[in-house]
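What follows is one structure encoded as structure tokens, with my remarks underneath.
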Amino acid sequence: MLDIEEDTFRKFLNFLYGVPIALEGLDLEKVSELLVVSDRYEVGTLTSLCKSELLNRLGKTNVFTLLMMSDQFSLVSLKVS
């Protein structure tokens, strides 16, 4: 787990144990990190939550970053938006 920040992994583990994550309170980078971890470990519920949150935050200032992520993680819905 060397490529995952401790705080992100702790949030991921808490989610697995039933602790809700308030994605709205996290910055875009943290949501992206959670997406990477949930995708890697195939936690579909968290992956879907992260995808939805990223879609909600789509804007002019982050469109290129999110477009690159959409390619990396096959986020068709994000790419189309």
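Just so it is clear, none of the values below were taken in a lab; they were calculated from the coordinates. Here the structure is a predicted model, which is why all the values come from computation and not from measurement. Heads up, the Cβs are rebuilt from the backbone with ideal geometry, glycines too, and the neighbour counts pull from every protein chain shown.
Brief remarks follow.
- Annotation: peptides 32-38, 47-53, ranked by per-residue average of other Cβ atoms within 10 Å with the highest first, follow the order 32-38, 47-53.
- D by Stokes-Einstein for the stretch 1-79, Kirkwood Rh over Cα pairs, 10 °C, 1.306 mPa s: 125 µm²/s.
- Net charge dipole size for the chain [Lys, Arg +1 and Asp, Glu -1 on Cβ; Debye, nearest 20]: 300 debye
- Farthest toward the positive end of the dipole of the chain, out of Asn56, Leu26, Leu46, is the Cα of Asn56, where the dipole comes from beta carbon charges about the Cα centre.
- Within the same chain, aspartates and glutamates fewer than 8 places from Lys60 are excluded, and of the rest, those with a Cα less than 20 Å from its Cα are Glu24, Asp27, Glu29, Asp71.
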